[in-house]
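Have a look at the structure below, then the notes.
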Amino acid sequence: MLFPTFYVPGLGQGMSIALVAVVHVLISHGFAIGLLTLIVLMEHLALRRGDGELEDLARHLLKPAVIIVTAVGAVTGAGIWFTVSVLAPQGIGSMLRVFFWPWFIEWIAFTLEVLVLLPYYFLWERMRAKHAGLHLALGWSYVAIAFCSAFLISGILGFMLTPDGWVQNQRLVSAFFNPTFWPQLALRFLGGLALGGLFCLGMVLFSRKPAAELRGQVMRLLGGWVLAAGALAALAAWFYFSAVPRTYSVHKVFAVLTSRLSQEAWLLWLGNILAVVVVAAAAAAALARLKLAARLLIIPALILAVGLVIEFERSREFIRGPYLMPGYMYANQVPLARGELLKRRGMLSQAAWYAAQPPGLEPRAPAGHALFMANCGVCHSIGGLNDIRDRLAGRTQPSVGVMVRRTEQMVPFMPAFSGTPDEALTMAAYLYEISGQRRSIDAAPPIGREGGRHE
Amino acid sequence: MNNLHDLLLAKPFSDGAMELLLFGSFALHLLFVLLMLGTAMIAVFFFAHSWLTGYSFELRWDKRVLRIHLALKSLAVVLGVAPLLIIQVLWSVPFLTAAALLAPYWLGLIVLMITAFLSLDTLGHKMDVHPVRHLIFGVLGLTALLAIPAVFTAVLTLAENPDKWARVAAQGLGSEPGLVFHWLMRYLHILGAAALFGGAFHFFFSTKGSEDRHYHLSNWMVVAVLFQVVVGVLLLGSLLDRLTPAIIAAVTVGAAAAMVLVGLAFYRNPEARTGRMKIALLLLPVILVSMLLARQFLQHEAVAPVQAALEARAQTQRGLLAPWKATALRGFQAHLATVYDDGETIYANSCAFCHGDDGRGGGPEAAALVIPPERLDAVRAQRSYLYQVVAKGIPGSGMPYFTVFDRAKLERLLEHMNQRFAVASPPPAPSSAGDAAAARKVFANTCATCHGTDGRVSRFGADLRPAPPDLTRYGLTPDRAFKVITRGYDGTVMQPFAQLPEATRWGLVSLVRGMWQPGPGGS
């Protein structure tokens, strides 16, 4: 607890980051990479065919894309960083030091991306007459730089699941080109292209702008595009998940369905198959220029595609389980070696900041509460998502103590408790007391009563 | 870098070089921030102006001004990446501490930025909306936009006042009026600079030589300069105790340049002011650089010692942490090698510490529990019933729910437990039938209170924590059943019945065995 950490009431840490991150992924992948690549491609085709109408359509699509990318995409990208800065200051402080140079180069890449995108957007009309080729070159340069920034980010994200050699040698190259780097880069890029195709299809289908003939041509292009990019993205996803160590990947069902639905794994497969089928059907309808069918299918296809994005990000974030930086830091920002030290020296004596006691919480137990927030607060809340009182409802006091001592061993995605045995008891007593209020409700009915077959 | 036990001690290069990089990248970022803010102010102000004066003002000049906002804001945002990166590495403790203490506002930045950018850019690129709607979105966007620097200046102000952290953490920013005054002046100074720089930018790039626009913008900038002088003096007043020679020198250069600018603006003959402003504006880069230098010197004086002290403390901790590095790595490798997928691994890690490796209920944590863990080697139950116990846990006991594992894993766990302990096989019949008549009487009079007349839990029993098991689905080996009847089950309402004749107790074992039913799919 070198830094004060802010705990988001209700939503909790993970969901707060996820909300910002999912919006960012949808826009950065779907718009900044996918849709913009398609717009440049359309311009390319238009110039080659001398098709002014197609160029108009591409230009017409660019305006909302640029506004959304710069106003929401860039802001949510910085927003993820803003969010983790206060939710996991020690984690981000450490990550920035491992990846200082990629991050710094990313700054240059982002700046270049904007510096190319702005004239591409503002000067299209003016360059159209005499400098059409140069304008197109700007467009393709943008796509290349956007790919570079995805390249830089993938190294950092992959590291958080599979740091591999870095744990031993602490070399940036090992950290960056980690085992999931290439499959993740491929998945993000191809997934972005497919998603961009779906967004573009939606815009073209519901826009009044293009004439029927042109709309048909573009639908055909986009249908094929989504099918091809989607199939390749699925292949990349398969490579990605095969590169993830089994220790992590075995938690995939739980990661998505949580303890509420973990026993119904078929829901996950059904959802995935449904998403693939509906997206493919929408793309096929577009390929066959069936406007009505494509219009009916594109909305559910987009919703399900967003679901796939959420599923992927949630899995990736969750399955690394107890670690924020595997081999170095637990999810609760305690470095592994420091955790060992804290088990002997005590966590509270080493803490620069105590988490503040929320008002109205009985009984007032500042030490127990501080230990809970520091150890468990990154995933569990009191009174919000993943409420610890629901998790412990019905347990006896000594069994809460046992679970605190055995977290890491009992549930493979929970970090170890970083504190002395005395502190473990303090926290267990506090948790037992606050979850005792839930005992009359009882999350699970006692066994033997189901089906109402009692006297 | 071999700093694996404390990455916060790792630095990419020297502090001096990082400060230099911070200065350069921040100046670039701030320049576009000022232009962006100023552009929005001017656009909204001159829209209101032209609307109130009946659109006479050169056919909505504000359209042209606001259109460029998208570009300026995009650059302001991306250029902010480098200074944020460097300050979080160079002065991580002061910066991240201040951000966390002001977290709700800091997180609010995301909402403010999206609101501001979407409102203003949609207006800037889809102009012909109804004037009232235009005014609403313009004011909404501008308000959100102007709130953004309020948050950043507050975070930096707090970062530069480490002695106030504890009090602000406990009582909020309002508890430090001096700090609030300094922040307010700092914030207003940014707004004034934005008005001035935005004015200068559009003076050169958006007026297209129009005298009318030059005239309006000159007036705008004169007001901005005067505002800056007043706020700047107050801001300096809030910093008197912190001034060093370097800071005084930088502020003096900046102030002198500003004075020349004011002089040129007010020199006799206001008719020629526009021309003079063109010259005066060349002073703006001097003012920006010198004021930003003063800012950075101040920041260095305030936060560098704090960061250094914390790093020194971390250095001393380094020795303490070193011995645990190997232990931690071994733990991590062991975790990586353990795949919680098969029944054997899950039993060994998630069950054995209570139920014991041998299933006899004697795991290392068993002694800590008031209700002893069940002896699994004695359990004989329907598999579907066991699945429910494992998935849902037993309220009122130490047995937690295990839906942290998906169904396939729990089934494999049960399979493993069945192979080792035969938990899902039918309970064998006892060798002695005992006194069946006495047992029936005792069961009906006593046991049925909780267990129900037929072994299914009674309404009363179902309210117990832990509730008794359903004897039609859950049984024990005869010896174990006899022992539980004789000695009771510690920590539960199941009391010892040692006073009953042995034949009656064996009779109860038989009776209960007779209640057991194989499940739908065998056992």
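The values are calculated or read from the model by the stated rules, or taken from the named source; none is laboratory data. Just so you know, these numbers come straight off a predicted model, no measurement behind them. Methodologically, a virtual Cβ is constructed for each residue, glycine included, from the backbone with ideal geometry; neighbour enumeration extends over all protein chains shown. Ligands, DNA and RNA are stripped out before the accessible areas are found, and what is left, the full protein with its side chains, is counted by its heavy atoms. Shrake-Rupley method; radii C 1.70, N 1.55, O 1.52, S 1.80 Å.
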- State yes or no: is A:GLY139 open to solvent by 20 Å² or more (accessible area, probe 1.4 Å) and in the same structural domain as A:GLY50 (by TED's automatic domain parsing)? no
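Given the criterion among the small types (Gly, Ala, Ser), open to solvent by less than 40 Å² (accessible area, probe 1.4 Å) and not in a helix (DSSP H, G or I), identify the matching residue among B:GLY461, B:GLY396. Can you show your working first?
Values: B:GLY461 fails: not in a helix (DSSP H, G or I).
Of B:GLY461, B:GLY396, the one residue that is among the small types (Gly, Ala, Ser), open to solvent by less than 40 Å² (accessible area, probe 1.4 Å) and not in a helix (DSSP H, G or I) is B:GLY396.
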- Among helices (runs of 4 or more DSSP H) entirely inside segment A:203-312, those with 3 or more residues being closer than 19 Å to B:ASP341 by Cβ, aliphatic (A, V, I, L, M) and open to solvent by less than 70 Å² (accessible area, probe 1.4 Å) are A:252-261
- Determine which member of the set A:GLY448, A:GLY383, A:GLY452 is within 13 Å of chain B (Cβ to nearest Cβ), at pLDDT below 90 and surrounded by fewer than 19 Cβ atoms within 10 Å (Cβ to Cβ). A:GLY452
- Task: State which residue is most open to solvent (accessible area, probe 1.4 Å) when the search covers only segment B:105-123 and only residues that are more than 8 Å from chain A (Cβ to nearest Cβ) and within 14 Å of the chain's Cα centre (by Cα).
- Result: B:TYR105
- Task: Under 9 Å between Cβ atoms, at least 6 apart or on separate chains: pull out the pairs that start in segment B:343-368 with a residue that is buried (at least 18 other Cβ atoms within 10 Å of the Cβ) and end on any residue that is aliphatic (A, V, I, L, M) and not in a helix (DSSP H, G or I).
- Result: B:THR345/B:VAL339; B:SER350/A:VAL411; B:SER350/B:VAL404; B:CYS354/B:LEU369; B:CYS354/B:MET399; B:GLY359/B:VAL379; B:GLY359/B:VAL423
- In segment B:356-386, the residues that are among the hydroxyl-bearing types (Ser, Thr, Tyr) and more than 9 Å from every other protein chain (Cβ to nearest Cβ): B:SER384
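Conditions (1) open to solvent by less than 50 Å² (accessible area, probe 1.4 Å); (2) part of a helix (DSSP H, G or I); (3) modelled with pLDDT of 90 or more; (4) not assigned by TED's automatic domain parsing to the domain that holds B:LEU28, marked per residue:
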{"residue": "B:HIS182", "(1), (2), (3), (4)": "yes, yes, yes, no"}
{"residue": "B:GLY198", "(1), (2), (3), (4)": "yes, yes, yes, no"}
{"residue": "B:TYR215", "(1), (2), (3), (4)": "no, yes, no, no"}
{"residue": "B:SER218", "(1), (2), (3), (4)": "yes, yes, no, no"}
{"residue": "B:PHE227", "(1), (2), (3), (4)": "no, yes, yes, no"}
{"residue": "B:VAL231", "(1), (2), (3), (4)": "yes, yes, yes, no"}
{"residue": "B:ILE248", "(1), (2), (3), (4)": "no, yes, yes, no"}
{"residue": "B:VAL260", "(1), (2), (3), (4)": "no, yes, no, no"}
{"residue": "B:ALA265", "(1), (2), (3), (4)": "yes, yes, no, no"}
- Item | Counted residues, segment B:442-456 - those being surrounded by fewer than 17 Cβ atoms within 10 Å (Cβ to Cβ) and either more than 10 Å from chain A (Cβ to nearest Cβ) or under 13 Å from B:ALA467 (Cβ atoms) (or both) | 4
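Is at least one residue of segment A:155-166 within 14 Å of chain B (Cβ to nearest Cβ) and within 20 Å of A:PHE110 (Cβ to Cβ)? Show your work before the answer.
Looking only at segment A:155-166, we keep the residues that are within 14 Å of chain B (Cβ to nearest Cβ), and these are A:156, A:159-166.
Of the ones still in play, those that are also within 20 Å of A:PHE110 (Cβ to Cβ) are A:156, A:159.
Yes: segment A:155-166 contains one or more residues that are within 14 Å of chain B (Cβ to nearest Cβ) and within 20 Å of A:PHE110 (Cβ to Cβ).
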- Out of B:ALA166, B:ALA193, B:ALA150, which single residue is modelled with pLDDT of 95 or more, among the aliphatic types (A, V, I, L, M), under 23 Å from the mean Cα position of the chain (by Cα) and under 25 Å from B:LEU240 (Cβ atoms)? B:ALA150
- Would you please name the residue that is nearest to A:ALA129 (Cα to Cα), looking only at residues in segment A:49-80 that are of a type outside the set (Val, Ile, Thr) and within 7 Å of another protein chain (Cβ to nearest Cβ)? A:LYS63
- Task: Might you let me know whether segment A:27-43 holds any residue that is touching a Ser or Thr at 6+ places or on another chain (Cβ under 8 Å), buried (at least 24 other Cβ atoms within 10 Å of the Cβ), β-branched (Val, Ile, Thr) and not assigned by TED's automatic domain parsing to the domain that holds A:TRP353?
- Result: yes
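Could you identify the single residue in B:ARG440, B:ARG420 that is closer than 14 Å to B:VAL512 by Cα and assigned to a helix (DSSP H, G or I)? Show your work before the answer.
Values: B:ARG420 fails: closer than 14 Å to B:VAL512 by Cα.
Matching residue, one of B:ARG440, B:ARG420: B:ARG440.
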- Message: Given the options B:ALA98, B:ALA169, name the one that is open to solvent by 10 Å² or more (accessible area, probe 1.4 Å), at the interface with chain A (Cβ under 10 Å from one of its Cβ atoms) and in a helix (DSSP H, G or I).
- Response: B:ALA169
